[in-house]
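Chemist: Have a look at this one.
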Amino acid sequence: MCIRDRYYTTRDMGVPLLSTTNISEDGIRLDNLRYVTYGFHYKHKKSMVFPGDIIVARHGESGTAAVIPDTIREAQCLNVVIIRKSPKFVSKFLEYLLNSPHTRKRLLGWQSGSVQKVVNTRILQQFRIPLPPIEEQQKIANILMSVDNWIKLEKLRKEKLECLKRGLMELLLTGKVRVKVEPVSK
């Protein structure tokens, strides 16, 4: 699908257009988001996505999957594979599974293309993955989300400590703060 300039619009006049650049292992990235007209959106119903659907990058970060969050009521997609929300799986569980190193390695082994590797949609349709019962999927997803949240908090804490360290080092190196060193007694 080729989108001409006339189909691009502003946030208040259209719907988000999600492409491979918006997919990361941390979820949907909303920076550099583009928008398309409602007319274009409703004309391309197969490319519509809704909360709980999963999109998989076909190229770029090939095979990376992300769940459409509840904050995005509907969106249009470009150059992605769409896995529709289903009662057979917990979307967040499937996202984690698709982004796991083992599954990514299996999936990327089926890439096609010579210069830029592209995930083959037919192969992805036939891709088999084990699915535990829904309750177990939910428990696993909840545990992994808790760990991800903990990691994010620790990264923020580390960034703050590094910023504090840089500030203190600057004060020490400029001589604005002096450190009194006590002689060591024997």
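Chemist: How much length, in nm to one decimal, is gained on full extension between residue 134 and residue 100, taken as 0.36 nm per residue of separation minus their Cα-Cα distance?
Modeler: The span from residue 134 to residue 100 would gain 10.4 nm if fully extended.
Chemist: Sort region 37-97 into rounded, prolate or oblate with this rule: let a ≥ b ≥ c be the square roots of the eigenvalues of the Cα gyration tensor; rounded if a/c is under 1.5, and if a/c is not under 1.5, prolate when a/b is larger than b/c, oblate otherwise.
Modeler: oblate
Chemist: Please give the peptides 75-84, 141-150 ranked by average Cβ packing (other Cβ atoms within 10 Å per residue), highest first, as a rough proxy for protection.
Modeler: On the way: 75-84: 19.9, 141-150: 12.6.
Peptide ranking by packing, descending: 75-84, 141-150.
Chemist: What is the percent carbon and sulfur in the accessible area of the chain, measuring with a 1.4 Å probe over the protein chains and ignoring ligands?
Modeler: 56
Chemist: Please report, in whole Å³, the volume per residue of the convex hull around the C-alpha atoms of region 19-120.
Modeler: Dividing the Cα hull volume of region 19-120 by its residues yields 111 Å³.
Chemist: Beyond a 23 Å Cα-Cα separation, which of these cross-linked pairs lie in this structure: 158/180; 85/139; 43/88; 43/85; 46/88?
Modeler: Listed pairs above 23 Å: 158/180; 43/88.
Chemist: Let me ask something else. Report Rg (one decimal) and Dmax (nearest whole number) for the chain, counting Cα atoms only, units Å.
Modeler: Here Rg and the maximum Cα pair distance are 22.8, 84 Å.
Chemist: Now for a separate question. Taking 0.36 nm per residue of separation and subtracting the Cα-Cα distance, what length does fully extending residue 152 through residue 59 add?
Modeler: On the way: separation 93, 0.36 × 93 = 33.48 nm, distance 2.67 nm.
Answer, rounded to one decimal: 30.8 nm.
The values are calculated or read from the model by the stated rules, or taken from the named source; none is laboratory data. Given the structure is predicted, the values throughout are model-derived calculations rather than measurements. In this analysis, Cβ positions are derived from the backbone assuming ideal geometry, glycine residues included, and neighbour counts consider all displayed protein chains. With ligands, DNA and RNA removed, areas are computed over all heavy atoms of the protein, side chains included. Shrake-Rupley method; radii C 1.70, N 1.55, O 1.52, S 1.80 Å.
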